[in-house]
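**Student:** Starting off with a structure, shown below.
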Amino acid sequence: MMPFPGGVENIANGTLIFSVLLAVFYGMIVHRAPSLRRTIVKTGSVALLVLLAWLQGGPPLLIAALALSAVGDACLAQEGETPFLAGLASFLCAHVAYVALFWAKGGGIAEILSEPSRIVIAMALVAAVALILSRLWPALEAAMRLPVLLYCVAILAMGISSLSELGATVVLGAVLFMASDAILAAGRFLVPADDPRHAWMQPLVWVLYYAAQLLLTLSFIVA
């Protein structure tokens with residue numbers, strides 16, 4: 001069953017299908033060396049979600065968050081510290097856009113504080129980010145500490161703001177995004193380059209990340 005009426009003939013459904021196919025294909029080539037094709041496939045999967053959100057009249061902040069994420073994907077598809085920092089900056093801005101979107105569409109901090117379950121989840125997210133940061137901090141070079149700290153604050157704000165009466169799929173999407181970033185950070189800063197764990201960490205990062213973006217996109221454009 002397609003999420004939009006009209007079946008596969010609907011351009012929105014077709015765009016979604018091509019996005020998923022590109023995401024699956026990237027998962028199959030995630031271990032390959034950086035190349036133009038690999039960059040296009042990785043970036044294209046989320047870029048098509050940008051198109052989908054635009055076609056369905058999605059919120060501008062959603063479109064901005066997805067577009068910034070696609071730019072971050074293009075950067076992280078390359079090797080080296082400069083593309084990594086550029087990707088980090090792009091995703092930080094994407095998280096800020098998501099925070100603004102969640103606050104605009106949700107019930108705000110009062111809604112989060114109104115239910116004990118949401119408070120517990122928010123506290124769990126704070127604890128998880130604090131634990132991850134405590135593990136990363138000794139392994140970070142001095143120049144990387146401030147960017148990583150700012151990123152952690154941004155993604156924590158995104159996770160907490162998702163609790164503001166937006167629905168379970170938004171919360172799940174935010175949590176998957178956080179999990180993806182946590183594994184990515186561990187792989188880059190804590191796990192040696194020749195460690196066999198990279199064989200499963202890279203695909204898992206991608207699966208969690210794309211699932212998060214897909215859930216967040218559909219949450220705001222499917223009636």
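The values are calculated or read from the model by the stated rules, or taken from the named source; none is laboratory data. None of these values were measured; they are calculated from a predicted model. Neighbour counts run over all protein chains shown; Cβ positions are idealised from the backbone, glycine included. Ligands, DNA and RNA are excluded from the accessible area calculation, which covers all protein heavy atoms including side chains. Shrake-Rupley method; radii C 1.70, N 1.55, O 1.52, S 1.80 Å.
**Student:** Kirkwood hydrodynamic radius for the range 1-134: how many Å is it when counted over pairs of different Cα atoms?
**Tutor:** Mean inverse Cα-Cα distance, inverted, gives 17.0 Å.
**Student:** Can you pull out the trypsin sites (Lys or Arg not before Pro) in the range 124-223 whose DSSP state is coil and whose Cβ has at most 14 other Cβ atoms within 10 Å? The partial results should precede the final answer.
**Tutor:** On the way: sites: R135, R145, R188, R197; in loops: R197.
Sparse-neighbourhood loop trypsin sites (Lys or Arg not before Pro): R197.
**Student:** Follow-up. Take the range 84-223, compute every pairwise Cα distance, and split them into 10 Å bins from 0; I just need the percent in each bin.
**Tutor:** 12, 41, 34, 12, 1
**Student:** With just the Cα atoms of the range 131-201, tell me how far they stretch along each of the three principal axes, in Å, largest first.
**Tutor:** 42, 29, 15
**Student:** Given a 1.4 Å probe and heavy atoms of the protein chains only, how would you sort I183, I132, largest accessible area at the top?
**Tutor:** I132, I183
**Student:** Do any trypsin sites (Lys or Arg not before Pro) in the range 4-52 lie in a loop, going by DSSP, with at most 13 other beta-carbon atoms within 10 Å of their beta carbon, and if so which? Show your work: numbers first, answer last.
**Tutor:** On the way: sites: R32, R37, R38, K42; in loops: R32.
Counting only loop positions with at most 13 other Cβ atoms within 10 Å, the trypsin sites (Lys or Arg not before Pro) in the range 4-52 are R32.
**Student:** Roughly how many nanometres apart are two label points built 7 Å out from the Cα toward the Cβ at S35 and L113?
**Tutor:** Taking the two extended label points, one gets 5.5 nm.
**Student:** Pick out the long, greasy-scoring helices in the chain: whole DSSP H runs spanning 18 Å or more along their own axis by Cα, mean Kyte-Doolittle at least 1.6.
**Tutor:** Result, helices passing both filters: 11-29, 60-76, 116-136, 142-161, 168-189.
**Student:** Using only DSSP helix segments of four residues or longer, with each worth -39500 (n - 2.57), what per-residue ellipticity at 222 nm results for the chain after dividing by its residue count and rounding to 500? Working shown, then result.
**Tutor:** Working: 9 runs with 174 residues, N = 223.
Here the helix-only value at 222 nm equals -26500 deg cm²/dmol.
**Student:** Find, among the GluC sites (Glu not before Pro) in the range 111-197, those assigned to loop by DSSP (not H, G, I, E, B) with at most 10 other beta-carbon atoms within 10 angstrom.
**Tutor:** Those satisfying the criteria are E141.
**Student:** Once you place label points 7 Å from the Cα toward the Cβ at A199 and V126, how far apart are they in nm?
**Tutor:** About 4.1 nm, to one decimal.
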